[in-house]
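Here it is, the structure in full.
The values are calculated or read from the model by the stated rules, or taken from the named source; none is laboratory data. Predicted, not measured: the structure shown is a model, and the values here were computed from it. In this analysis, Cβ positions are derived from the backbone assuming ideal geometry, glycine residues included, and neighbour counts consider all displayed protein chains. Please note that ligands, DNA and RNA were not included when accessible areas were found on the heavy atoms of the full protein model with its side chains. Shrake-Rupley method; radii C 1.70, N 1.55, O 1.52, S 1.80 Å.
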Amino acid sequence: MSRSGARWGAALVVAALLAGAVAGCGAKEGGGSDAGSGTTQKEPYRVGVVVSLTGTYAGLGIPEKKAIELQRDAINANGGVNGHPIEVIFEDDATDPAKAAAAASKLIEQDGVLAIIGATGTAQTMAMRAEVQRAGVPQVSMAGGSVITDQLDPLVFQTPWPNRIVVPFVLKAMARKGLTKVAVISDSGGYGKDGHAIIVKEAPAAGVTIVADETFNPGDTDMSSQLTKIRAAKPDAVLMWNAGKEAALIAKGMKQLGMTQPLFGGPGNGRKEFIQGAGDGAEGFRFAAGKILVPSAYGTDTEAYKVATEFIDSYTAKYGESPDIFAGHAYDAFLIVVDALKRIEGDATPAKLRDAIEQTKGLVGVGGTFTYSPQDHNGLTESELVLYRVENGAWVLDEQ
């Protein structure tokens with residue numbers, strides 16, 4: 001498909017997928033940048049989005065914002081949802097839990113949003129919970145910590161594959177390769193702590209022994225002490241669990257110390273920022289994530305492949321780069337909210353929207369097919385995952 005063809009075709013397909021054709025919308029008025037270029041005369045549906053546009057998770061939050069802006073504009077250009085434009089109000093939490101909580105309060109109290117999408121990180125997501133509970137506003141998180149939906153809250157939903165699914169998948173993949181003596185290095189933030197606890201719990205069942213266990217803080221710039229201790233333990237492999245830019249330092253540090261053990265990780269490292277930052281140290285890195293990075297993994301005759309490739313084409317045409325898994329999480333979060341809004345009868349309220357989100361059934365997104373219930377606000381399984389390897393600076397499917 002040509003670049004111009006992708007702009008025309010994919011934008012229309014994304015709009016049709018998310019909003020549907022909306023007839024009889026009435027005359028359009030000019031709107032602000034948050035509402036997109038095609039608002040109707042009905043009051044907008046306001047949605048708040050809390051993302052990390054600065055700080056250690058900026059490499060995740062920026063593509064998330066781009067994905068939501070892309071969908072918002074496509075929907076509004078095609079009449080909105082039930083004749084209502086979607087107005088998106090973005091807040092940057094700077095990868096800071098306190099700022100995430102303040103952002104949620106502002107979106108609820110000042111902006112009157114129907115729902116909040118976010119946050120990018122696990123700790124930031126959890127910091128917003130008190131505000132969400134107080135106001136009764138549904139939240140759809142784009143973070144992968146298991147705690148987000150393990151501690152089931154009627155108002156809180158999640159789009160990524162949680163650590164409780166990903167960690168066992170990675171451990172079993174390592175064991176199949178005969179890598180059973182494993183060193184762990186994880187960050188002290190919400191996602192890293194959540195993943196570390198599950199690694200320790202699930203390692204014995206996978207036949208894996210942890211021979212070294214090191215941590216670091218988000219924002220640290222030197223991993224030599226931790227890596228020196230790991231090297232002394234002589235592990236078969238190193239398992240890294242974090243979602244920040246520090247991952248590149250670990251990969252580079254291993255290379256500099258002459259460590260030849262394979263490096264494994266989770267979805268938090270499935271981004272170009274890691275490959276660019278780690279350079280040669282990224283080569284051979286293996287991690288589990290969804291199928292968006294190599295879309296043929298969906299199966300080329302599936303609805304999931306169609307949804308993913310249409311999103312990839314439109315995102316690439318708009319921004320000149322392909323989307324990563326974090327853009328996919330945002331796509332899914334926005335899709336879930338819009339799909340639920342379409343099913344609301346009468347005036348939309350946070351309570352009605354919460355109920356409609358929980359009734360989501362078989363919704364095909366980029367990260368998987370979402371089916372929520374009162375007992376499950378994640379709705380994904382291990383079948384949504386594949387194992388990748390970095391080869392020549394690009395992602396390829398690894399042997400399972």
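Does Lys229 fit the bill of being in contact with a helix residue (DSSP H, G or I) (Cβ under 9 Å, 6 or more places away or on another chain), surrounded by fewer than 23 Cβ atoms within 10 Å (Cβ to Cβ) and among the charged types (D, E, K, R)?
Numbers: in contact with a helix residue (DSSP H, G or I) (Cβ under 9 Å, 6 or more places away or on another chain): no; surrounded by fewer than 23 Cβ atoms within 10 Å (Cβ to Cβ): yes; among the charged types (D, E, K, R): yes.
No.
Of the numbered conditions (1) touching a Pro at 6+ places or on another chain (Cβ under 8 Å); (2) surrounded by fewer than 24 Cβ atoms within 10 Å (Cβ to Cβ); (3) assigned by TED's automatic domain parsing to the domain that holds Ala98, Leu179 satisfies every one except a single condition; which is it?
(3)
Looking at (1) touching a residue at least 60 places away in the same chain (Cβ under 8 Å); (2) under 17 Å from Val81 (Cβ atoms); (3) of a type in the set (Asp, Glu); (4) surrounded by fewer than 24 Cβ atoms within 10 Å (Cβ to Cβ), which one does Asp332 not meet, given that it meets all the others?
(4)
Exactly one condition in (1) at pLDDT 95 or above; (2) open to solvent by less than 60 Å² (accessible area, probe 1.4 Å) is false for Val200; which is it?
Result: Val200 fails condition (2) only.
Further, regarding this structure: When you check Lys65 against the structure, is it within 24 Å of Trp161 (Cβ to Cβ), open to solvent by 30 Å² or more (accessible area, probe 1.4 Å) and of a type in the set (D, E, K, R), yes or no?
Yes, satisfied.
Of all residues being assigned to a loop (DSSP other than H, G, I, E, B) and over 14 Å from Ala394 (Cα atoms) in the stretch 281-301, which is most open to solvent (accessible area, probe 1.4 Å)? Just the residue, please.
Restricting to residues being assigned to a loop (DSSP other than H, G, I, E, B) and over 14 Å from Ala394 (Cα atoms), the top hit is Asp301.
Among (1) among the small types (Gly, Ala, Ser); (2) open to solvent by less than 30 Å² (accessible area, probe 1.4 Å); (3) farther than 25 Å from Ile165 by Cα, where does Ala327 come up short?
(3)
Each row is one residue, and each column tells you yes or no for (1) at pLDDT below 95; (2) farther than 19 Å from Gly270 by Cβ; (3) outside any loop (DSSP other than H, G, I, E, B).
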site	(1), (2), (3)
Ala27	yes, yes, no
Gly31	yes, yes, no
Gln41	yes, yes, no
Val49	no, yes, yes
Gly59	yes, no, yes
Ile62	no, no, yes
Ala67	no, no, yes
Arg72	no, yes, yes
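Quick grid of which residues meet (1) without any contact (Cβ under 8 Å) to a residue 40 or more places away in the chain; (2) closer than 18 Å to Ala394 by Cβ; (3) assigned by TED's automatic domain parsing to the domain that holds Pro168:
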{"site": "Lys229", "(1), (2), (3)": "yes, no, yes"}
{"site": "Lys234", "(1), (2), (3)": "no, no, yes"}
{"site": "Met240", "(1), (2), (3)": "no, no, yes"}
{"site": "Ala247", "(1), (2), (3)": "yes, yes, yes"}
{"site": "Lys252", "(1), (2), (3)": "yes, no, yes"}
{"site": "Lys272", "(1), (2), (3)": "no, yes, yes"}
{"site": "Gln276", "(1), (2), (3)": "yes, yes, yes"}
{"site": "Gly279", "(1), (2), (3)": "yes, yes, yes"}
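What residue, of Lys342, Lys318, Lys352, is without any contact (Cβ under 8 Å) to a residue 12 or more places away in the chain and under 25 Å from Glu69 (Cα atoms)?
Result: Lys352 is the single residue among Lys342, Lys318, Lys352 that is without any contact (Cβ under 8 Å) to a residue 12 or more places away in the chain and under 25 Å from Glu69 (Cα atoms).
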